[in-house]
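I have placed the structure first, in the form of structure tokens, so that the comments after it can refer back to it.
The values are calculated or read from the model by the stated rules, or taken from the named source; none is laboratory data. What you are looking at is a predicted structure, and each value in this text was computed from that prediction instead of being measured. Virtual Cβ from ideal backbone geometry, glycine too; neighbours counted across all protein chains shown.
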Amino acid sequence: MNNKQISKEEKKLLNKVFWRSFLIYGSYNPMRASGIGFLYAIMPFINKYYIKEDERIKAMQRNAEYYNITSAISTFPMGIIASMEKENSATGKFDSYSINAIKASLMGPLSGIGDSFFWGTFRVIAAGIGIGLAEQGSILGPLLFLLLYNIPAIAARYYGTFLGYGLGEKYIKEAYEKGIISTLTKAAGILGITMVGAMIYTTIGLQTGLKFNLSGMEYNLQDILDQVLKGILPLSATMICFFFVRKKVSASKIMLGIIVVGAALSLIGLL
């Protein structure tokens, strides 16, 4: 769907989403990452299309869940989710679980592209040009760096909003008409869970340094655990935290518990 097929009212809402997206990391936290910022960005759509208060609350709770993605392309999923929320508000047959499933499945692949292009490549090139001029005493150095990086990043953010909305509205309707939305939701859920599992393994550096002797042989407990399942300790720690989250324990208490338990295990040599 191109911009001509989007109504003037929808364009106004999408422009609000675009401007609000600049504050996506204003409330970043370990539990939801930029989930609150995501919710704030698409609130114009939620307020517009959800008339009943209970439905609006459910939509807000749904969109405040964990969200972490390269900022320059963060608006593409916003556009898709905005179109899904609009569709959900219009029909009682919409599977609301698919909204979070789609969002979770997009974070990993899009972050890989966004981080590689904007952070790993484009920012480095822009910085190289800017530093070269700055070393010569030119004021153009920092100015060019900011312009060379931010112009394409902001353009991607702006057009990504409309592109995501257009694609979402077009293909979601087709998926429902053809009866494939359930398959799409299941596939997105599997991809999202896979992404979370990979994130746990790569970001939580939990290992044990415990060694013991048995029949004259020294064994490293971490090596044994790795043979059972790679990343079993990070996974176990995550599941324990998830258990307490389900029990409505506050994030601050969980983090305090992690600090206390981690310190205690380090003192006795288990970590």
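Quick notes on this one:
- So Leu106, is it among the hydrophobic types (A, V, I, L, M, F, W, C), modelled with pLDDT under 85, within 19 Å of the chain's Cα centre (by Cα) and not assigned by TED's automatic domain parsing to the domain that holds Ser250: yes
- Just one of the listed residues (Glu85, Glu65) is part of a helix (DSSP H, G or I) and either in the same structural domain as Phe18 (by TED's automatic domain parsing) or at pLDDT below 85 (or both), namely Glu85.
- Scanning segment 1-35 for residues that are among the aliphatic types (A, V, I, L, M), under 30 Å from Ile254 (Cα atoms) and either crowded, with 20+ Cβ neighbours inside 10 Å or assigned by TED's automatic domain parsing to the domain that holds Ser252 (or both) yields one hit, Ile24.
- Of Asn63, Asn68, all but one fail to be over 19 Å from Trp19 (Cβ atoms) and within 20 Å of the chain's Cα centre (by Cα); the exception is Asn68.
- When each of Ala126, Ala175, Ala155 is tested for being surrounded by 15 or more Cβ atoms within 10 Å (Cβ to Cβ) and at pLDDT 80 or above, the lone residue that passes is Ala126.
Per-residue answers, yes or no, for (1) crowded, with 21+ Cβ neighbours inside 10 Å; (2) in contact with a helix residue (DSSP H, G or I) (Cβ under 9 Å, 6 or more places away or on another chain); (3) under 24 Å from Tyr159 (Cβ atoms):
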site	(1), (2), (3)
Gly37	yes, yes, yes
Ala41	yes, yes, yes
Phe45	yes, yes, yes
Tyr50	no, yes, no
Ala64	no, yes, no
Ser89	no, yes, no
Met107	yes, yes, yes
Ser111	no, yes, yes
Ile131	no, yes, no
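- Contact annotation: residue pairs with Cβ atoms under 6 Å, 6 or more positions apart or on different chains, pairing a residue in segment 216-230 that is in contact (Cβ under 8 Å) with a residue 12 or more places away in the chain with a partner that is not in a helix (DSSP H, G or I), are Leu221/Thr208; Leu221/Leu210; Gln222/Gln207; Gln222/Thr208.
- Looking only at segment 50-59, and only at residues there that are part of a helix (DSSP H, G or I) and over 24 Å from the mean Cα position of the chain (by Cα), the one that is nearest to Asp95 (Cα to Cα): Asp54
- Test: residue in segment 228-243 that is more than 28 Å from the chain's Cα centre (by Cα) and either β-branched (Val, Ile, Thr) or surrounded by fewer than 11 Cβ atoms within 10 Å (Cβ to Cβ) (or both): yes
- Qualifying position, being among the β-branched types (Val, Ile, Thr) and closer than 19 Å to Leu163 by Cα, among Ile81, Ile57, Ile36: Ile81
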